[in-house]
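**Student:** Okay, here's the structure, questions in a sec.
The values are calculated or read from the model by the stated rules, or taken from the named source; none is laboratory data. On a predicted model such as this, the values are computed, not experimentally measured, just so you know. In this analysis, Cβ positions are derived from the backbone assuming ideal geometry, glycine residues included, and neighbour counts consider all displayed protein chains.
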Amino acid sequence: MEARSGGGLAPRTLSALRESWNDLVRLFAHIPFGVSLLAIWALLTLIGVVIEQGKDPAFYASAYAPPVARLIARLDLANIYHSAAYIGVLGLIICSMTAATFTKVIPRRIPRLNPVKVDAIPLHATVRVAGDAASVRERLAAFFAARGWQVRKREFGGTEWTFADKNNWARRGVLVAHVGFVIIAIGTTIYWAKGYSGQFAVLSGETATIPENGARIDLERFAYRIDPIRTKAGVVYQPIDYVSNAKVTGRDGTAHEAVIRVNSPYDVDGTLVYQATYGFAIDFKLTKDGRPVAGPDHLLKEGEGFAVGATGRAIQYQRFVGTIDRATGQPAADPRPNDPGVVVQAFDSDRPAGAAMIALGQPIDLGAGYKLEAARYVLYSGFQYRYDPGIPVVGIGAFVLLAGLCISFYFLPARLFVLVRETGASTSEVGIAATTVKGYEVFEDRFRDIVEELRRTEPAAGTTEVRPAPVLESV
């Protein structure tokens, strides 16, 4: 009894496991479940776009409110593209697509050769021809083969069916598109696993290092060009070009001359360095009662600031003004440094205490004996860099995806179901039905032409009944 009981337990366990597996597959193949995964993926991607990635904790502490900064640190939102949650959601999306492909797409797009009820299909016709069933089948096979149809015969329950397919290979277009998406996902995963990106700024005459690969960028000279363009609204000053002349040192330790400009990145050891922006760094001088005191320890870029001694006040450099209109004392439209100045914002503790515009070389009084002077400006160049080893894979995936979409949209796979029955000693009845992957209406005219051509080609043995459906409510 125990042996029989134990022997019965294994089949029940296997049956339960099989049912659980089938439930899991049905869950992953369920369209709302797949859409939910895509929504979660989109949300995580949006977080990665909104929150700058790969910065130091101090950056987030200064850029965000304390609760938000703590949330970013605890949930590792600053490294979201490499997080287990992000990679896990991508894996689940691929599993969902795989389940949907094999349980829904393949059975629908590549159906098996099975008999049908001909007159139950909206596109169907009945033709009476002369000849016994065997000879009629052979003539029909030759008729369709001569017109480019793939002909196959199958026998079901002693009844022989003829199946004719046109563009049957195109049924796999959706599968090709799915494969393309998977290849793209693999390429992006390679980037998240091994790639990196970032940005940095270099003052003219100084050097910066890309931390991920140690490449050094020595900016020798930065030049830009702004041309005035006259429009109906007035003169507009449009940046035409900005170029960085630099020496770049890669793994080989040799400095190479490089010209980096917009839309023309420089490749250093597989990492592309892009010219992104530029600006004016200011050398601020702080004095108290006419004597120099400790101010900023480096040239400040837009957005940076420094404390004013022990006063509890701070100064932030907001923006560079290329030309000051001496008549009004306000910034002029021309951004080129003809008569330059800077706009600074004063803070008392955390409260704004007023803003002022300082002409270069002309100190302003900050109170309590302090004076601030914008002594000079130095052009700096802003670079972005990116190393993406998955780009070739993504390119292949995009090509495969496009090919699959083109196959799906521009080719129409159709299948004809043909059944021949003998109705007398020398006559047979041919029943024909047609289906496509895009419904019946798109194939209605073509089906009518096929039946009419068949009627003209085959020896008639009576009337011909053709009933293609017009507009189908059931499709």
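**Student:** Listed residues Gly303, Gly295, Gly329; which is on the phi > 0 side of the Ramachandran plot, modelled with pLDDT under 85 and not hydrophobic (A, V, I, L, M, F, W, C)?
**Tutor:** Going through Gly303, Gly295, Gly329 in turn, the sole match is Gly329.
**Student:** Based on this model, can you work out whether Lys247 counts as within 30 Å of Tyr191 (Cβ to Cβ) and basic (Lys, Arg)?
**Tutor:** So Lys247 fits the description; yes.
**Student:** Under 6 Å by Cβ, and 6 or more places apart or on different chains, what pairs join a residue from region 81-105 that is over 26 Å from Val174 (Cβ atoms) with one that is surrounded by 15 or more Cβ atoms within 10 Å (Cβ to Cβ) and of a type in the set (Val, Ile, Thr)?
**Tutor:** Cβ pairs passing all conditions: Tyr86/Ile80.
**Student:** Would you mind finding the one in Tyr86, Tyr81 that is assigned to a helix (DSSP H, G or I) and closer than 22 Å to Phe200 by Cα?
**Tutor:** Tyr81
**Student:** Within the group Ala193, Ala164, Ala130, which residue is at pLDDT below 90, farther than 30 Å from Ser244 by Cβ and surrounded by 13 or more Cβ atoms within 10 Å (Cβ to Cβ)?
**Tutor:** Ala130
**Student:** Determine whether region 56-73 contains at least one residue that is of a type in the set (A, V, I, L, M, F, W, C), exposed (fewer than 15 other Cβ atoms within 10 Å of the Cβ) and not in a helix (DSSP H, G or I).
**Tutor:** Yes; the residues of region 56-73 include at least one that is of a type in the set (A, V, I, L, M, F, W, C), exposed (fewer than 15 other Cβ atoms within 10 Å of the Cβ) and not in a helix (DSSP H, G or I).
**Student:** Turning to a different aspect of this structure: Would it be correct to say that Leu272 is surrounded by fewer than 19 Cβ atoms within 10 Å (Cβ to Cβ), part of a strand (DSSP E or B), touching a Lys or Arg at 6+ places or on another chain (Cβ under 9 Å) and not hydroxyl-bearing (Ser, Thr, Tyr)?
**Tutor:** yes
**Student:** Further question: Given the condition among the β-branched types (Val, Ile, Thr), surrounded by fewer than 17 Cβ atoms within 10 Å (Cβ to Cβ) and over 26 Å from Ala78 (Cβ atoms), answer yes or no: does some residue in region 209-217 qualify?
**Tutor:** No, the conditions are met nowhere in region 209-217.
**Student:** In the list Ala276, Ala281, which residue meets the criterion of being at pLDDT 90 or above, within 28 Å of Gln316 (Cα to Cα) and of a type outside the set (Asp, Glu)?
**Tutor:** Ala281
**Student:** If Cys95 meets every condition in (1) in contact with a strand residue (DSSP E or B) (Cβ under 6 Å, 6 or more places away or on another chain); (2) outside the structural domain of Ala433 (by TED's automatic domain parsing) apart from one, which number is that one?
**Tutor:** The one condition Cys95 does not meet is (1).
**Student:** So for region 398-413 (the condition being crowded, with 19+ Cβ neighbours inside 10 Å, of a type outside the set (S, T, N, Q) and within 30 Å of Glu155 (Cα to Cα)), does at least one residue qualify?
**Tutor:** yes
**Student:** Considering only region 299-313, how many residues are assigned to a strand (DSSP E or B), under 46 Å from the mean Cα position of the chain (by Cα) and of a type in the set (A, V, I, L, M, F, W, C)?
**Tutor:** Number satisfying all stated conditions: 3.
**Student:** For region 383-393, state whether one or more residues are within 30 Å of Leu454 (Cβ to Cβ), in contact (Cβ under 8 Å) with a residue 24 or more places away in the chain and crowded, with 16+ Cβ neighbours inside 10 Å.
**Tutor:** no
**Student:** Filtering region 31-54 down to residues that are crowded, with 16+ Cβ neighbours inside 10 Å and either out of contact with any helix residue (DSSP H, G or I) (no Cβ under 9 Å at 6 or more places or on another chain) or not hydrophobic (A, V, I, L, M, F, W, C) (or both), which residue is farthest from Leu71 (Cα to Cα)?
**Tutor:** Among those residues, the one meeting the criterion is Gly34.
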